[in-house]
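Written out below as C-alpha coordinates is the structure these notes cover.
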Amino acid sequence: MLEYGSDITIRSYQALSNQTQSLSRMVVRQAAETAANDIIEKQQDKLQALVQQLSLEPLILDATIYDLEGITVAKTEDAMPLGQVTGISTPLSVASFGRLQIIEPIMAEDQVVGFVRITLEHGKLLEHAASQVEYMTNIIRGMVIAALIIGFLLAFTFGRRKDIWHFPFLLTSNAKD
(Lines give C-alpha, C1' and ligand atoms only; values in the text may rest on other atoms or scores of the structure.)
Protein backbone atom coordinates (compact mmCIF):
# COMPACT_ATOMS: atom_id res chain seq x y z
CA MET A 1 0.00 0.00 0.00
CA LEU A 2 2.81 2.39 0.84
CA GLU A 3 4.50 1.61 -2.49
CA TYR A 4 1.22 2.30 -4.27
CA GLY A 5 1.03 5.61 -2.38
CA SER A 6 4.49 6.52 -3.65
CA ASP A 7 3.43 5.65 -7.18
CA ILE A 8 0.37 7.87 -6.84
CA THR A 9 2.59 10.70 -5.59
CA ILE A 10 4.87 10.41 -8.61
CA ARG A 11 1.88 10.38 -10.96
CA SER A 12 0.46 13.43 -9.17
CA TYR A 13 3.71 15.34 -9.64
CA GLN A 14 3.76 14.46 -13.34
CA ALA A 15 0.13 15.50 -13.81
CA LEU A 16 0.78 18.69 -11.88
CA SER A 17 3.76 19.53 -14.06
CA ASN A 18 1.75 18.94 -17.23
CA GLN A 19 -1.12 21.02 -15.94
CA THR A 20 1.06 23.98 -14.96
CA GLN A 21 2.80 23.95 -18.32
CA SER A 22 -0.51 23.94 -20.20
CA LEU A 23 -1.87 26.76 -18.03
CA SER A 24 1.31 28.76 -18.60
CA ARG A 25 1.00 28.30 -22.34
CA MET A 26 -2.60 29.48 -22.16
CA VAL A 27 -1.51 32.68 -20.36
CA VAL A 28 1.13 33.35 -23.02
CA ARG A 29 -1.41 32.69 -25.81
CA GLN A 30 -3.81 35.18 -24.29
CA ALA A 31 -1.03 37.74 -23.93
CA ALA A 32 -0.09 37.21 -27.58
CA GLU A 33 -3.69 37.78 -28.68
CA THR A 34 -3.86 40.93 -26.57
CA ALA A 35 -0.61 42.26 -28.01
CA ALA A 36 -1.49 41.63 -31.68
CA ASN A 37 -3.24 44.95 -32.40
CA ASP A 38 -0.85 46.93 -30.22
CA ILE A 39 2.22 45.65 -32.05
CA ILE A 40 0.71 46.46 -35.45
CA GLU A 41 -0.25 49.96 -34.32
CA LYS A 42 3.13 50.32 -32.53
CA GLN A 43 1.58 51.30 -29.22
CA GLN A 44 4.63 50.98 -27.04
CA ASP A 45 2.90 52.08 -23.84
CA LYS A 46 0.18 49.40 -24.07
CA LEU A 47 2.77 46.72 -24.79
CA GLN A 48 4.85 47.86 -21.83
CA ALA A 49 1.75 47.81 -19.61
CA LEU A 50 0.97 44.25 -20.77
CA VAL A 51 4.50 43.10 -19.98
CA GLN A 52 4.40 44.74 -16.55
CA GLN A 53 1.05 43.12 -15.83
CA LEU A 54 2.47 39.71 -16.75
CA SER A 55 5.49 40.22 -14.50
CA LEU A 56 3.28 40.95 -11.49
CA GLU A 57 2.54 37.25 -11.24
CA PRO A 58 4.87 35.74 -8.63
CA LEU A 59 5.80 32.73 -10.78
CA ILE A 60 6.83 34.74 -13.85
CA LEU A 61 10.43 35.93 -13.71
CA ASP A 62 10.33 38.16 -16.76
CA ALA A 63 8.35 38.86 -19.90
CA THR A 64 9.46 40.30 -23.22
CA ILE A 65 7.74 41.16 -26.49
CA TYR A 66 9.71 41.02 -29.75
CA ASP A 67 8.78 42.23 -33.20
CA LEU A 68 9.07 40.09 -36.32
CA GLU A 69 12.82 40.77 -36.70
CA GLY A 70 13.50 39.79 -33.09
CA ILE A 71 14.04 43.33 -31.81
CA THR A 72 12.80 43.91 -28.27
CA VAL A 73 9.66 46.04 -28.27
CA ALA A 74 8.75 45.84 -24.56
CA LYS A 75 10.33 44.13 -21.59
CA THR A 76 10.21 44.14 -17.81
CA GLU A 77 12.76 46.16 -15.85
CA ASP A 78 14.41 43.06 -14.46
CA ALA A 79 14.33 41.12 -17.73
CA MET A 80 17.46 39.11 -18.24
CA PRO A 81 19.13 38.99 -21.65
CA LEU A 82 17.97 36.12 -23.82
CA GLY A 83 21.45 34.58 -23.89
CA GLN A 84 21.62 34.49 -20.11
CA VAL A 85 18.09 33.14 -19.60
CA THR A 86 18.55 30.34 -22.11
CA GLY A 87 22.02 29.56 -20.76
CA ILE A 88 23.78 30.18 -24.07
CA SER A 89 26.18 32.77 -22.65
CA THR A 90 26.95 30.98 -19.37
CA PRO A 91 29.33 28.08 -18.93
CA LEU A 92 27.57 24.71 -18.78
CA SER A 93 24.20 26.50 -19.23
CA VAL A 94 23.89 26.87 -15.44
CA ALA A 95 21.68 29.98 -15.69
CA SER A 96 18.91 28.08 -17.47
CA PHE A 97 18.51 25.33 -14.83
CA GLY A 98 15.09 25.38 -13.23
CA ARG A 99 13.71 27.90 -15.69
CA LEU A 100 11.07 27.31 -18.30
CA GLN A 101 10.91 29.47 -21.42
CA ILE A 102 7.58 29.79 -23.18
CA ILE A 103 7.49 31.59 -26.51
CA GLU A 104 4.31 32.23 -28.45
CA PRO A 105 4.02 33.92 -31.85
CA ILE A 106 1.83 37.00 -32.08
CA MET A 107 -0.56 36.48 -34.98
CA ALA A 108 -2.52 39.16 -36.83
CA GLU A 109 -4.54 38.33 -39.94
CA ASP A 110 -2.91 34.88 -40.17
CA GLN A 111 0.60 36.37 -40.20
CA VAL A 112 3.26 36.41 -37.54
CA VAL A 113 3.94 40.00 -36.41
CA GLY A 114 5.98 39.29 -33.28
CA PHE A 115 6.66 37.03 -30.32
CA VAL A 116 5.91 36.96 -26.60
CA ARG A 117 8.41 35.25 -24.30
CA ILE A 118 8.00 34.62 -20.60
CA THR A 119 10.38 32.93 -18.18
CA LEU A 120 8.91 30.80 -15.43
CA GLU A 121 10.71 29.60 -12.35
CA HIS A 122 9.82 25.92 -12.69
CA GLY A 123 10.75 25.07 -9.11
CA LYS A 124 8.52 27.78 -7.66
CA LEU A 125 5.80 26.78 -10.07
CA LEU A 126 5.49 23.32 -8.57
CA GLU A 127 6.63 24.02 -5.02
CA HIS A 128 3.33 25.00 -3.42
CA ALA A 129 1.21 22.43 -5.20
CA ALA A 130 3.77 19.70 -4.56
CA SER A 131 3.76 20.46 -0.84
CA GLN A 132 -0.03 20.08 -0.81
CA VAL A 133 0.19 16.74 -2.64
CA GLU A 134 2.86 15.52 -0.21
CA TYR A 135 0.75 16.63 2.76
CA MET A 136 -2.31 14.74 1.53
CA THR A 137 -0.21 11.66 0.74
CA ASN A 138 1.19 11.65 4.27
CA ILE A 139 -2.30 11.95 5.74
CA ILE A 140 -3.50 8.98 3.68
CA ARG A 141 -0.46 6.92 4.72
CA GLY A 142 -1.14 7.76 8.38
CA MET A 143 -4.78 6.76 8.07
CA VAL A 144 -3.84 3.43 6.45
CA ILE A 145 -1.34 2.67 9.20
CA ALA A 146 -3.89 3.66 11.89
CA ALA A 147 -6.51 1.40 10.26
CA LEU A 148 -4.06 -1.52 10.26
CA ILE A 149 -3.18 -0.99 13.92
CA ILE A 150 -6.85 -0.76 14.91
CA GLY A 151 -7.60 -3.91 12.90
CA PHE A 152 -4.85 -5.85 14.67
CA LEU A 153 -6.03 -4.62 18.07
CA LEU A 154 -9.62 -5.63 17.34
CA ALA A 155 -8.54 -9.05 16.05
CA PHE A 156 -6.34 -9.60 19.11
CA THR A 157 -9.05 -8.46 21.53
CA PHE A 158 -11.92 -10.45 20.10
CA GLY A 159 -9.76 -13.41 19.10
CA ARG A 160 -8.92 -14.15 22.74
CA ARG A 161 -12.57 -14.39 23.87
CA LYS A 162 -13.61 -18.04 23.69
CA ASP A 163 -17.25 -17.52 24.65
CA ILE A 164 -18.00 -15.83 21.31
CA TRP A 165 -17.05 -18.93 19.35
CA HIS A 166 -19.42 -21.26 21.26
CA PHE A 167 -22.90 -21.38 19.83
CA PRO A 168 -25.37 -22.20 22.60
CA PHE A 169 -27.98 -23.60 20.24
CA LEU A 170 -25.62 -26.16 18.77
CA LEU A 171 -24.25 -27.15 22.16
CA THR A 172 -27.65 -27.79 23.69
CA SER A 173 -28.94 -29.75 20.73
CA ASN A 174 -25.87 -32.03 20.81
CA ALA A 175 -26.21 -32.50 24.57
CA LYS A 176 -29.75 -34.01 24.28
CA ASP A 177 -28.61 -36.79 22.00
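List of remarks:
- Within the option set R99, R117, being of a type in the set (K, R), modelled with pLDDT of 75 or more and either open to solvent by less than 60 Å² (accessible area, probe 1.4 Å) or under 21 Å from the mean Cα position of the chain (by Cα) (or both) holds for one residue only, R117.
- Qualifying residue in region 27-41 (condition: within 22 Å of E121 (Cβ to Cβ), within 19 Å of the chain's Cα centre (by Cα), open to solvent by 100 Å² or more (accessible area, probe 1.4 Å) and at pLDDT 80 or above): yes
- Matching entry among P91, P58 (being closer than 21 Å to S22 by Cβ, open to solvent by 40 Å² or more (accessible area, probe 1.4 Å) and at pLDDT below 85): P58
The values are calculated or read from the model by the stated rules, or taken from the named source; none is laboratory data. What you see is a predicted model, and the numbers here were worked out from it, not measured in a lab. Reconstructed Cβ throughout: ideal geometry from the backbone, glycine too, with neighbour counts over all protein chains shown. All accessible areas refer to the heavy atoms of the entire protein, side chains included, with ligands and DNA or RNA removed. Shrake-Rupley method; radii C 1.70, N 1.55, O 1.52, S 1.80 Å.
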